[in-house]
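Report on the structure given below.
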Amino acid sequence: MNVIFQSTYYTLYQAANERCYYIDFGQKLVRMSLCQLLSLRHKVNTIAIENHFDSDLNAHGFEVLMLCNKEHLFILNTLEVLDLKNLVDHGFVAIGLSAKTEVLSQ
Amino acid sequence: MKDIARQSMSIKVESMDLLNGQIKMEAHASATYLAMASWCEQNGFFTSAKFFFKQAEEEREHMMKIFNFLVDTGGNPISPEVTNINHDYSSITDVFESTLEHEVKVTKSIHNIVKKAREAGDIATERFLDWFVMEQIEEENTVRDILDMIEVTGTEGVGLQMIDNQVANWIE
């Protein structure tokens, strides 16, 4: 397995021989297809992080994240959500599916 | 290292996000035209109602075209949530003016995706949207012609009835 990107709490790996990805969540290693990784990206990107700073909208500052067709459930705090957003952002640049760096370098 | 990501997906995620936004916009347009059809039916503009039923179907077809493109390119199409549909219009002119505003908004959004796809070197998305760029010219032109016809006909006396009858010319 090759490390694609490592953030503060998480690591994204590519397992080319299995044609899949792994994310090490610390307490759990989760195997994902690209579709599941895209689904994680969508879920993470739709988290309204600003609600974490408003006690009326998110009283406890936690997010419940269900991954891989409800196979895994995570409860993340604000810092973990921000770190996961960071992992997803950089991870997709590293695997070549995000145009962010290409656009910036032009 | 084997590029399994590129083997599974042939467009950039930024294009995918923008196309998912466009899916939502087309779904919203479809629902809006359905609301307009409802208004027209309730206010006696039966030919205009037919026109908007047809438009609602067309917008859904546009949505599905984009949805299927995302499927074909290995992306993650998101079924859209549609909310805030306006059902209140002050007149038939208001209905068609709102339609034109909506179409212009859709055109701008498509042009923006083309521009971003070009910046990202995403040729597949850029070429896919060629059809939409041309389609929007036609859509805008249809509504503009109807608004011109409304202006020429006028809304006094039997004008409203004539307007509704003439909308039939734009139902394919």
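The values are calculated or read from the model by the stated rules, or taken from the named source; none is laboratory data. Predicted model only: the values in this text are computed from it and were never measured. No Cβ is skipped: glycine too gets one built from the backbone with ideal geometry, and neighbour counts run over all protein chains shown.
Structure summary
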quantity	calculated
Within segment B:36-46, considering residues that are buried (at least 18 other Cβ atoms within 10 Å of the Cβ) and in contact (Cβ under 8 Å) with a residue 40 or more places away in the chain, the one farthest from the other protein chains (Cβ to nearest Cβ)	B:Phe45
Which numbered condition B:Gln7 fails, given (1) surrounded by fewer than 17 Cβ atoms within 10 Å (Cβ to Cβ); (2) of a type outside the set (Val, Ile, Thr); (3) at pLDDT 95 or above	(3)
Test for B:Ser10: is it assigned to a loop (DSSP other than H, G, I, E, B), more than 22 Å from B:Ile85 (Cβ to Cβ) and among the small types (Gly, Ala, Ser)	yes
Filter result for the condition that a residue is surrounded by 18 or more Cβ atoms within 10 Å (Cβ to Cβ), over 26 Å from B:Lys12 (Cα atoms) and more than 14 Å from the chain's Cα centre (by Cα), over A:His52, A:His60	A:His52
Condition check for B:Glu97: within 20 Å of B:Ala31 (Cβ to Cβ), within 12 Å of chain A (Cβ to nearest Cβ) and without any contact (Cβ under 8 Å) to a residue 60 or more places away in the chain	no
Unmet requirement for A:Phe74, which otherwise passes all of (1) away from chain B (no Cβ under 14 Å); (2) of a type outside the set (Asp, Glu); (3) within 22 Å of B:Asn20 (Cα to Cα)	(3)
Members of segment B:121-152 found to be of a type in the set (S, T, N, Q) and surrounded by fewer than 11 Cβ atoms within 10 Å (Cβ to Cβ), listed by number	none
Residues of segment B:153-172 satisfying the condition of being assigned to a loop (DSSP other than H, G, I, E, B), among the small types (Gly, Ala, Ser) and surrounded by 12 or more Cβ atoms within 10 Å (Cβ to Cβ)	B:Gly154
Segment B:1-33, subset more than 24 Å from A:Tyr13 (Cα to Cα) and β-branched (Val, Ile, Thr), residue nearest to the other protein chains (Cβ to nearest Cβ)	B:Ile23
Given (1) over 16 Å from B:Met25 (Cβ atoms); (2) assigned to a helix (DSSP H, G or I), number of the condition B:Gly75 does not satisfy	(2)
Search result, residues across segment B:120-172 that are of a type in the set (S, T, N, Q) and farther than 24 Å from B:Ile66 by Cβ	B:Thr153, B:Thr155, B:Gln161, B:Asn165, B:Gln166, B:Asn169
Single condition B:Asn76 does not satisfy, out of (1) touching a residue at least 60 places away in the same chain (Cβ under 8 Å); (2) away from every other protein chain (no Cβ under 14 Å); (3) surrounded by 14 or more Cβ atoms within 10 Å (Cβ to Cβ)	(2)
Helices (runs of 4 or more DSSP H) completely within segment A:14-106 that count 1 or more residues being basic (Lys, Arg), in contact (Cβ under 8 Å) with a residue 40 or more places away in the chain and touching a helix residue (DSSP H, G or I) at 6+ places or on another chain (Cβ under 7 Å)	A:34-45, A:78-94
Subset of segment A:18-57 that is within 9 Å of chain B (Cβ to nearest Cβ) and of a type in the set (Lys, Arg) - its residue that is farthest from B:Ile4 (Cα to Cα)	A:Arg41
